[in-house]
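Q: Here's a structure for you.
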Amino acid sequence: MQQEPIISVKNVDVFYGNHHVIKNVSLDIFPNEVVALIGPSGCGKSTFLRLLNRMNDFIESFRMNGQIYIENKNIYTRHVQVEKLRKNVGMVFQKPNPFPKSVYENVVYGLRIQGIKDKKYMDGIVESMLQRVGLWNEVKDKLHQSALALSGGQQQRLCIARTLAVEPSIVLMDEPTSSLDPISTATIEELIFELKQHYTIVIVTHNMQQARRVSNKTAFFYMGELIEYDDTINLFTNPKVDLTHKYITGKFG
Amino acid sequence: MIPVTSKFKNNRLKDKIFRWYGFLCTLTGVILLFIFLYSILAEGLDRLNFQFFTSLPSRKPSDAGILVALIGTLWIMILTTIIVVPIGLASAIYLEEYGKKNKFAAFIEINISNLAGVPSIIYGLLALEIFVRIMGLGRSLLSGALTLSLLILPIVIVATREALKSVPNSIREASYALGATKWETMWNAVLPSAAGGIFTGIILAISRAIGETAPLVVIGAMLYITTIPTHPLDDFSVLPVQIYNWLSRPQKGFIENATAAIIVLLGITFLMNSVAIYLRNKWQSKVKW
Ligand SMILES: Nc1ncnc2c1ncn2[C@@H]1O[C@H](COP(=O)(O)OP(=O)(O)OP(=O)(O)O)[C@@H](O)[C@H]1O
Ligand SMILES: [Mg+2]
């Protein structure tokens with residue numbers, strides 16, 4: 001059952017000024033996969049992730065060579081509408097970053113941007129998205145209170161709900177649990193597991209166990225190079241490259 | 001061992017001395033303020049009756065009131081706000097979010113800091129030439145409001161920029177990642193998050209504006225006027241000009257009027273500053289980054 005990849009990265013190099021941070025990386029990601037990106041600090045995981053929704057465009061010194069296709073469209077051409085791309089490729093950040101608005105307004109932020117005003121429709125989205133991230137029962141009485149009053153784990157799930165509300169097909173997550181306690185982390189990991197029915201997920205993590213638990217495939221980066229990319233089980237139990245073996249057994253990093 | 005301990009002791013002593021010195025300095029300011037408030041209140045409080053608020057100026061101190069000046073001050077507050085808010089916000093947003101790295105913005109930035117330090121009477125002279133003479137607005141409320149807008153524009157710009165700076169980048173990223181454009185991000189995420197700081201800055205700037213006398217005297221605010229302004233192009237007076245006028249009269253009764261008017265002006269300023277502080281605290285407790 002060979003499908004088309006939903007994300008296809010071809011020979012990508014990234015520079016910040018003269019600093020070469022992604023080196024000739026190619027990789028394909030298929031629909032409804034969860035791909036974990038692992039590697040030591042500074043190896044370029046975040047940079048790589050942010051290529052996929054063009055969040056690096058904001059960095060002045062950023063330059064890139066190569067092509068990235070998402071749903072068969074090269075996203076680095078002049079004709080691409082970056083805003084449309086970002087609706088389709090959502091992103092969850094390392095630190096929960098809800099807007100200083102109500103829970104409700106956080107979820108509908110992306111809808112309002114699109115000019116949607118239909119209250120019934122938005123009410124429906126708010127409920128279904130909060131259900132989807134398992135937050136509905138906890139916040140259904142506080143929809144109009146500030147999102148900043150929620151706990152860190154709740155805030156992060158709210159940020160996920162907010163991302164899902166604009167109906168992306170791909171969700172990028174950059175160490176989404178690194179600032180959370182173990183219980184919130186477990187909740188979010190379960191959530192990721194459920195989300196892959198509907199979305200393709202790319203997740204950066206420093207936690208090997210997490211990568212093993214949530215992902216189908218794992219990509220190991222080292223100093224800007226993609227060292228190994230394989231099914232998660234294979235990569236963790238039977239790595240083909242010595243460097244990968246050293247990294248996952250904690251010999252460095 | 002020994003030198004270390006003695007140095008340590010020495011520092012503690014210095015700390016103690018400084019603490020007392022600082023306390024006394026602070027106290028001086030507070031005490032002087034209280035003496036000032038007390039003497040003003042003692043002299044002017046009796047004069048603050050209904051007649052005082054509802055009467056036009058008069059040659060007889062006991063018939064005179066602040067109605068014209070009070071309404072003039074309210075007009076000035078409103079007009080100045082209407083003029084300064086859009087210009088100040090737009091400039092601040094441009095400088096902080098759009099023009100960050102270009103030479104022109106850097107040039108403007110230096111000049112804004114300089115403008116904030118220009119004595120207010122100079123603004124009066126500038127305004128006399130531009131608004132009163134060249135633009136032909138005369139000695140009107142509008143001229144006055146434009147003058148004061150010019151005067152407080154740097155304050156509003158600086159305060160707004162500070163407020164925008166304090167909005168963490170993660171908020172902007174969150175908005176962009178949901179498919180918002182820069183414009184949408186500004187309006188829907190950044191400005192609402194910075195609103196507390198911006199409002200505080202505007203209120204403090206306006207409260208500074210309504211206390212200004214010199215530039216308004218230069219452009220010709222009326223020292224003696226008995227008609228209530230009903231139109232932005234009407235002649236006007238404001239509280240500080242009225243106070244200045246009364247203080248320059250020899251009769252004891254007018255001095256008393258002036259102190260009473262000072263109480264009113266102080267009251268308005270204190271009220272505005274309290275609102276500003278309230279807003280700041282409210283926003284700070286709500287928005288903890
Ligand atoms: N805005 C930037 N400007 C210049 N260099 C940058 C910038 N952001 C990252 N870098 C550099 O690019 C390299 C890759 O950084 P990146 O953030 O992608 O690493 P990472 O793998 O996500 O690390 P971590 O695990 O610590 O998050 C690093 O050497 C970093 O110093
Ligand atoms: Mg990173």
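Q: Do any residues in the range A:31-59 that are closer than 16 Å to A:Thr244 by Cα and in contact (Cβ under 8 Å) with a residue 12 or more places away in the chain have Cβ atoms under 6 Å from those of residues that are within 13 Å of ligand 2 (Cβ to nearest atom) and among the hydroxyl-bearing types (Ser, Thr, Tyr), where the two are at least six apart or on different chains, and which pairs are they?
A: Qualifying pairs under 6 Å: A:Ala36/A:Thr205.
Q: Here are A:Pro98, A:Pro168, A:Pro182: which of them is of a type outside the set (Ser, Thr, Tyr), more than 24 Å from A:Arg86 (Cβ to Cβ) and away from ligand 2 (no atom under 16 Å from the Cβ)? Before you say what the answer is, go through the steps one by one.
A: Working: A:Pro98 fails: more than 24 Å from A:Arg86 (Cβ to Cβ); A:Pro168 fails: more than 24 Å from A:Arg86 (Cβ to Cβ).
So the residue among A:Pro98, A:Pro168, A:Pro182 that is of a type outside the set (Ser, Thr, Tyr), more than 24 Å from A:Arg86 (Cβ to Cβ) and away from ligand 2 (no atom under 16 Å from the Cβ) is A:Pro182.
Q: Turning to a different aspect of this structure: What's the number of the only condition in (1) of a type in the set (S, T, N, Q); (2) under 16 Å from B:Leu153 (Cβ atoms); (3) outside any helix (DSSP H, G or I) that B:Ser91 fails to meet?
A: The single condition B:Ser91 does not satisfy is (3).
Q: What strands (runs of 3 or more DSSP E) lie completely within the range A:171-241 and have 2 or more residues being out of contact with any Cys (no Cβ under 9 Å at 6 or more places or on another chain) and free of Cβ contacts under 8 Å to residues at least 24 places away in the same chain? Break it down into steps so the answer makes sense when it comes.
A: Values: elements: A:200-204, A:217-222, A:225-231.
Of the strands (runs of 3 or more DSSP E) lying wholly inside the range A:171-241, those with at least 2 residues that are out of contact with any Cys (no Cβ under 9 Å at 6 or more places or on another chain) and free of Cβ contacts under 8 Å to residues at least 24 places away in the same chain span A:225-231.
Q: Could you grab me the full set of residues in the range A:122-132 that are touching a helix residue (DSSP H, G or I) at 6+ places or on another chain (Cβ under 9 Å) and more than 14 Å from chain B (Cβ to nearest Cβ)? Can you show your working first?
A: Residues of the range A:122-132 touching a helix residue (DSSP H, G or I) at 6+ places or on another chain (Cβ under 9 Å): A:122-123, A:125-132.
If the condition is that a residue be touching a helix residue (DSSP H, G or I) at 6+ places or on another chain (Cβ under 9 Å) and more than 14 Å from chain B (Cβ to nearest Cβ), then A:Met122, A:Asp123, A:Val126, A:Glu127, A:Ser128, A:Leu130, A:Gln131, A:Arg132 are the ones that fit.
Q: Let me spell it out: the conditions are (1) of a type outside the set (A, V, I, L, M); (2) in contact with a helix residue (DSSP H, G or I) (Cβ under 6 Å, 6 or more places away or on another chain); (3) open to solvent by less than 60 Å² (accessible area, probe 1.4 Å), and B:Phe199 meets all of them except one. Which number is the exception?
A: (3)
Q: Something else now. Which one of these does A:Ile68 not meet: (1) in contact with a helix residue (DSSP H, G or I) (Cβ under 9 Å, 6 or more places away or on another chain); (2) within 11 Å of chain B (Cβ to nearest Cβ)?
A: The number of the failed condition is (2).
Q: Going by the conditions given, is A:Glu127 at pLDDT 95 or above, open to solvent by 30 Å² or more (accessible area, probe 1.4 Å), away from ligand 2 (no atom under 16 Å from the Cβ) and of a type in the set (D, E, K, R)?
A: On the way: at pLDDT 95 or above: yes; open to solvent by 30 Å² or more (accessible area, probe 1.4 Å): yes; away from ligand 2 (no atom under 16 Å from the Cβ): yes; of a type in the set (D, E, K, R): yes.
So A:Glu127 passes the test.
Q: With B:Ala214, B:Ala205, B:Ala145, B:Ala163 as the choices, which residue is within 14 Å of chain A (Cβ to nearest Cβ) and within 20 Å of the chain's Cα centre (by Cα)? Explain how you work it out, then say what you get.
A: Details: B:Ala214 fails: within 14 Å of chain A (Cβ to nearest Cβ); B:Ala205 fails: within 14 Å of chain A (Cβ to nearest Cβ); B:Ala145 fails: within 14 Å of chain A (Cβ to nearest Cβ).
Testing whether each residue is within 14 Å of chain A (Cβ to nearest Cβ) and within 20 Å of the chain's Cα centre (by Cα) leaves just B:Ala163.
Q: On to the next question. Report, by residue number, each residue of the range A:90-111 that is facing chain B (nearest Cβ under 7 Å) and either of a type in the set (Gly, Ala, Ser) or free of Cβ contacts under 8 Å to residues at least 40 places away in the same chain (or both).
A: A:Gly90, A:Gly110
Q: Please find, among A:Thr249, A:Thr185, A:Thr237, A:Thr163, the residue that is buried (at least 21 other Cβ atoms within 10 Å of the Cβ) and of a type in the set (Ser, Thr, Tyr).
A: Working: A:Thr249 fails: buried (at least 21 other Cβ atoms within 10 Å of the Cβ); A:Thr185 fails: buried (at least 21 other Cβ atoms within 10 Å of the Cβ); A:Thr237 fails: buried (at least 21 other Cβ atoms within 10 Å of the Cβ).
None of the others qualify; the one that does is A:Thr163.
Q: Output the residues belonging to the range A:242-253 that are polar (S, T, N, Q) and in a loop (DSSP other than H, G, I, E, B). Spell out the reasoning first.
A: Pass one, the range A:242-253, residues polar (S, T, N, Q): A:244, A:249.
Within the range A:242-253, A:Thr249 is the sole residue that qualifies.
Q: Still on this structure: If you go through the range A:133-184 one residue at a time, how many are within 14 Å of another protein chain (Cβ to nearest Cβ), more than 16 Å from ligand 1 (Cβ to nearest atom) and not small (Gly, Ala, Ser)?
A: Of the residues in that region, 17 qualify.
Q: Next question, about the same structure. Could you grab me the full set of residues in the range A:146-183 that are more than 20 Å from A:Gly90 (Cβ to Cβ) and either modelled with pLDDT of 95 or more or among the hydroxyl-bearing types (Ser, Thr, Tyr) (or both)?
A: A:Ser146, A:Ser151
The values are calculated or read from the model by the stated rules, or taken from the named source; none is laboratory data. The model shown is predicted, which means the values in this text are computed figures rather than measured ones. Heads up, the Cβs are rebuilt from the backbone with ideal geometry, glycines too, and the neighbour counts pull from every protein chain shown. Surface areas here come from the heavy atoms of the whole protein model, side chains and all, with no ligands, DNA or RNA. Shrake-Rupley method; radii C 1.70, N 1.55, O 1.52, S 1.80 Å.
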